[in-house]
Amino acid sequence: MASDIELVQIVDAAVAEAVRRAGTAMVCRKGCTHCCIGPFAVTERDLERLRVGFGLLDERLKERMALRFAEARETMREEFPGNWVSGRLTSQEAADLFDLRHPWLPCPVLDLETGACSLHAWRPVACRLHGPALRVNGVDLRHCRLNYTGVGVEELRVAVELPEEEESPLTYIAWAVRP
């Protein structure tokens, strides 16, 4: 199993290559937040990375963000697809159905005033992979609908092989920081 640092480096290198290839067809930028709206499952490894980043923030920002984490958890309480206390999900399928109930819920690390990710350097792998045209372990990921307008995506798609990961319980970012 690759270390978290190695995993992030592999993903970030593939994304950088995809951005380089796409040139002006890649419009992802700070302030474009449509991909930061709606819940999605993350791994324990992602949560640990987020916790590290959160620990490095100044106290005022931590207090504000802790409130956002708590609000997001409370919003998702009803019909949570797993153990609400731990945040562990029963299955990806249950999470996918649950996500459809909250398509408007902003990510708790999204700064709603600036449109920036407050923990960008520590963001989950799913966030890192969203946007560019990538083929991960032989599977084409859906790219952001705002990218690649007017160009052929397939010739710009970047293939990346990610190391096999241990099975990890899934949860939501809102469980990264708890009181």
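Just checking, which of CYS144, CYS107 is at pLDDT 90 or above, touching a Cys at 6+ places or on another chain (Cβ under 7 Å) and surrounded by fewer than 19 Cβ atoms within 10 Å (Cβ to Cβ)?
Criteria check complete, one pass: CYS144.
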Selection from the range 118-132 of residues under 20 Å from MET65 (Cβ atoms), among the aliphatic types (A, V, I, L, M) and buried (at least 21 other Cβ atoms within 10 Å of the Cβ) yields LEU119
Flagged pairs (Cβ under 8 angstrom, 6 or more apart or on separate chains; first in the range 157-178, under 13 Å from TRP84 (Cα atoms) and touching a residue at least 12 places away in the same chain (Cβ under 8 Å); second surrounded by fewer than 17 Cβ atoms within 10 Å (Cβ to Cβ) and hydroxyl-bearing (Ser, Thr, Tyr)) are THR171/SER86; TRP175/SER86
Residue hits (the range 156-178; modelled with pLDDT under 90 and under 29 Å from GLY31 (Cα atoms)) are VAL177, ARG178
Residues in the range 11-37 that are closer than 12 Å to VAL158 by Cα and either surrounded by 15 or more Cβ atoms within 10 Å (Cβ to Cβ) or touching a Leu at 6+ places or on another chain (Cβ under 6 Å) (or both) total 8
Is it fair to say VAL136 is within 20 Å of CYS28 (Cβ to Cβ), out of contact with any Pro (no Cβ under 6 Å at 6 or more places or on another chain) and not hydroxyl-bearing (Ser, Thr, Tyr)? yes
Residue pairs qualifying under the 7 Å Cβ cut-off, at least six apart or on distinct chains, with the first in the range 64-80 being surrounded by 12 or more Cβ atoms within 10 Å (Cβ to Cβ) and the second being outside any loop (DSSP other than H, G, I, E, B) and not hydrophobic (A, V, I, L, M, F, W, C), are MET76/TYR172
Residue hits (the range 15-63; without any contact (Cβ under 8 Å) to a residue 12 or more places away in the chain and either touching a strand residue (DSSP E or B) at 6+ places or on another chain (Cβ under 8 Å) or of a type outside the set (Lys, Arg) (or both)) are ALA16, GLY23, THR24, GLY55, LEU56, ASP58, GLU59, GLU63
By residue number, the members of the range 116-128 that are in a loop (DSSP other than H, G, I, E, B) and farther than 23 Å from SER168 by Cβ are SER118
Of the conditions (1) at pLDDT 95 or above; (2) assigned to a loop (DSSP other than H, G, I, E, B), the single one that ARG135 does not satisfy is (2)
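The values are calculated or read from the model by the stated rules, or taken from the named source; none is laboratory data. Predicted model, so just to flag it, every value in this text is computed and none were measured. Glycine gets a Cβ as well: all are built from the backbone with ideal geometry, and neighbour counts include every protein chain shown.
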